[in-house]
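Single-structure report; data block below.
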Amino acid sequence: MLKKRIIPVQLLINNRLVKTIKFGNYRDVGNPVTSSKIYSASDADELIFLNINRDYRTVEQLLTLIEKVSEVCFMPLSLGGGIKTLKDAEQLLKNGADKIVVNSASYRDRTIISQIADRFGTQAVIVSIDTKLNESTKEYQLYSNCGRQLEDISLEQHVKESIEKGAGEIFINSIDRDGTMTGYDIDLIKKVFEYSSVPVIACGGAGNFGHMKDVFLQTGVSALACGSLFNFGDNNPIRAKAFLSNYGLPFKVI
Amino acid sequence: MLVGILDLEMGNLRSVFNAFYTLGYEVEIIKDIAQFDHISHLVIPGVGSYHKAVYHLDGKNFRSPIRKFAERGKPLLGICLGMHLLSEYGEEGGRNQGLGLIGGYVTKLASTPNFPIPHVGWNTIKFREHHPVFEGVKYGIDCYFVHSYHFVCDNQKYIYGTTDYGKEFVSIIVGKNVIGFQFHPEKSQSNGLKLLENFCNWDGVC
């Protein structure tokens, strides 16, 4: 039986681990190589790294990181933030990454998804989508460039076209909930799950293990990602799984 | 002993290299056929498509040295796409001839609404037979999978492990000194590393 996954998300600025609130006000929360070792030891299923440097974002920063992390973590590693070309993706995949997370570039030119998928397989591409709920229209709006640029495309259309081009997984993030620790946006996650024919990873808002339970029991997502929950406080994937297992949710056996 | 990892220019060699290196074994990347003479264990890793792997296999003239290596009874491990290449042929990207080391072929996983393709994530390994490479690894552990195609054996005797995803598929195959894993041991944390360590300690005799 395929298991549910718990994925710590690690946000990076100049290769320091940071945590944001609603995509702003970041704080430094440590060294990503050290934290990755700890996540590996505490039974995380996968790790996602996102470079959120706004002004100066290069693939070299991620390359330096992945070389170090892949020497100490024998688990799936996904990287994103500033990936623009097939060559960017290729360099990361050759140096220890298993999947590439594409966000802003997928709005400019969707072929970036198919280029990576054709060369490395659809499983190597995660399309990440940042959304905010428009309070007046009650529609979810999509944003690129670390939440700064509004995109003129509907959530449904973007999810479906990304999958058509070869996205192997969809990573959905709520800007409204980011860093608030008030719970996931379940309506948003349900919508994406309905539109998506590939596995969905949901992110944004986890403040306690109960929040994770709510999403797993109410939607069909394959994986939940979280930052603050594991960055702050004495929480780790082992404790999360111990809690969630009480609700009949399956996790990997080691 | 020396572990050789075959370079088919198909993605993530580095993780496989790092895993063996961390386990303390001597390991090198095989880029040239001359290197086959001094390795004791051969690993064929791979992420990508069958037809592209076959293209590199032929382009680098690797077919004959791999065959000779296997015929000498030395331990050979195929991982994911590397396991697929042990077959007679694969259907990914048109029909392509494989290495023919284990009887069978490679075809696409059946897609059903509750089981999206690719099959990605942690799933249970059910050992069917005992094997020295499984020594000390518990029955029913999870390993990390990421694939859209699977191996169909032409004889049950090659099937040493299976996994369920919608329906049962073959996740471990063994033919004499050749073993293949559909999952990624180099991405399966402590259990995966244990399997790789056992492979290094295996002399190729079942």
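The values are calculated or read from the model by the stated rules, or taken from the named source; none is laboratory data. Values in this document were obtained by computation on a predicted structure and should not be read as measured data. Note that each Cβ is placed from the backbone with ideal geometry, even for glycine, and that neighbours are counted across all protein chains shown. These area figures cover heavy atoms from the full protein model, side chains too; ligands, DNA and RNA do not enter into them. Shrake-Rupley method; radii C 1.70, N 1.55, O 1.52, S 1.80 Å.
In segment B:1-40, what residues are aliphatic (A, V, I, L, M), assigned to a loop (DSSP other than H, G, I, E, B) and surrounded by fewer than 17 Cβ atoms within 10 Å (Cβ to Cβ)?
Within segment B:1-40, B:Met1, B:Leu2, B:Leu23 qualify.
Here's a check for you: in segment B:93-115, which residue that is within 14 Å of chain A (Cβ to nearest Cβ) and open to solvent by 30 Å² or more (accessible area, probe 1.4 Å) is farthest from A:Lys3 (Cα to Cα)?
Only one residue tops the list, namely B:Gly93.
Quick one: is A:Ser154 of a type in the set (S, T, N, Q) and farther than 28 Å from A:Ala44 by Cβ?
yes
Against the definition (more than 14 Å from every other protein chain (Cβ to nearest Cβ), charged (D, E, K, R) and either assigned to a helix (DSSP H, G or I) or open to solvent by 10 Å² or more (accessible area, probe 1.4 Å) (or both)), how does B:Arg67 come out, yes or no?
yes
Restricting attention to segment A:23-57, report how many residues are within 14 Å of another protein chain (Cβ to nearest Cβ), assigned to a loop (DSSP other than H, G, I, E, B), surrounded by fewer than 23 Cβ atoms within 10 Å (Cβ to Cβ) and not hydroxyl-bearing (Ser, Thr, Tyr).
Of the residues in segment A:23-57, 1 are within 14 Å of another protein chain (Cβ to nearest Cβ), assigned to a loop (DSSP other than H, G, I, E, B), surrounded by fewer than 23 Cβ atoms within 10 Å (Cβ to Cβ) and not hydroxyl-bearing (Ser, Thr, Tyr).
What's the number of the only condition in (1) open to solvent by 10 Å² or more (accessible area, probe 1.4 Å); (2) in contact with a helix residue (DSSP H, G or I) (Cβ under 9 Å, 6 or more places away or on another chain); (3) of a type in the set (Val, Ile, Thr); (4) more than 14 Å from every other protein chain (Cβ to nearest Cβ) that A:Thr137 fails to meet?
(2)
Would you confirm whether or not segment A:95-107 contains a residue that is under 22 Å from A:Asp55 (Cβ atoms), among the acidic types (Asp, Glu) and within 19 Å of the chain's Cα centre (by Cα)?
Checking segment A:95-107: not a single residue is under 22 Å from A:Asp55 (Cβ atoms), among the acidic types (Asp, Glu) and within 19 Å of the chain's Cα centre (by Cα).
Determine which single condition A:Leu2 fails, assuming it passes every other condition in (1) within 14 Å of another protein chain (Cβ to nearest Cβ); (2) open to solvent by 40 Å² or more (accessible area, probe 1.4 Å); (3) in a helix (DSSP H, G or I).
(3)
Condition first: touching a strand residue (DSSP E or B) at 6+ places or on another chain (Cβ under 6 Å), without any contact (Cβ under 8 Å) to a residue 40 or more places away in the chain and on the phi > 0 side of the Ramachandran plot. Now tell me which residues in segment A:73-96 satisfy that.
A:Gly82
Which residues, counting only those in segment B:92-110, are assigned to a loop (DSSP other than H, G, I, E, B) and modelled with pLDDT of 95 or more?
Once the filter is applied, which keeps residues that are assigned to a loop (DSSP other than H, G, I, E, B) and modelled with pLDDT of 95 or more, segment B:92-110 yields B:Arg95, B:Gly98, B:Leu99, B:Gly100, B:Leu101, B:Ile102, B:Gly103.
Does A:Ile112 meet the test of being closer than 30 Å to B:Glu92 by Cα, modelled with pLDDT of 95 or more, touching a helix residue (DSSP H, G or I) at 6+ places or on another chain (Cβ under 9 Å) and not small (Gly, Ala, Ser)?
yes
Out of (1) within 11 Å of chain B (Cβ to nearest Cβ); (2) more than 23 Å from B:Tyr149 (Cβ to Cβ); (3) open to solvent by less than 40 Å² (accessible area, probe 1.4 Å); (4) of a type outside the set (A, V, I, L, M, F, W, C), the odd one out for A:Glu67 is which?
(3) is the only condition that A:Glu67 fails.
Search segment A:7-25 for residues that are farther than 17 Å from A:Arg148 by Cβ and pair each with any residue that is among the basic types (Lys, Arg) when their beta-carbon atoms are under 9 Å apart and the residues are at least 6 apart or on different chains.
Within 9 Å, the pairs are A:Lys19/A:Arg27.
If the requirement is being under 27 Å from B:Ser49 (Cα atoms) and within 11 Å of chain A (Cβ to nearest Cβ), which of these qualifies: B:Asn123, B:Asn155?
The unique qualifying residue is B:Asn123.
How many residues does segment B:1-27 contain that are farther than 21 Å from B:Leu86 by Cα, touching a residue at least 12 places away in the same chain (Cβ under 8 Å) and more than 9 Å from every other protein chain (Cβ to nearest Cβ)?
Total satisfying the criteria: 7.
Which residues, taken from segment A:117-132, are open to solvent by 50 Å² or more (accessible area, probe 1.4 Å) and either free of Cβ contacts under 8 Å to residues at least 24 places away in the same chain or more than 14 Å from chain B (Cβ to nearest Cβ) (or both)?
A:Lys132
Could you list, in sequence order, the residues of segment A:165-211 that are within 22 Å of A:Phe120 (Cβ to Cβ) and away from every other protein chain (no Cβ under 14 Å)?
A:Lys165
So, of the residues in segment B:70-91 that are assigned to a strand (DSSP E or B) and either among the small types (Gly, Ala, Ser) or modelled with pLDDT under 95 (or both), which turns out to be farthest from the chain's Cα centre (by Cα)?
The selected residue is B:Gly90.
Residue under question is A:Asp98, and the condition is that it be within 11 Å of chain B (Cβ to nearest Cβ), buried (at least 23 other Cβ atoms within 10 Å of the Cβ) and acidic (Asp, Glu); does it hold?
yes
Take B:Val43 and tell me if it is crowded, with 16+ Cβ neighbours inside 10 Å, out of contact with any Phe, Trp or Tyr (no Cβ under 7 Å at 6 or more places or on another chain), closer than 17 Å to B:Ile173 by Cα and modelled with pLDDT of 95 or more.
Yes.
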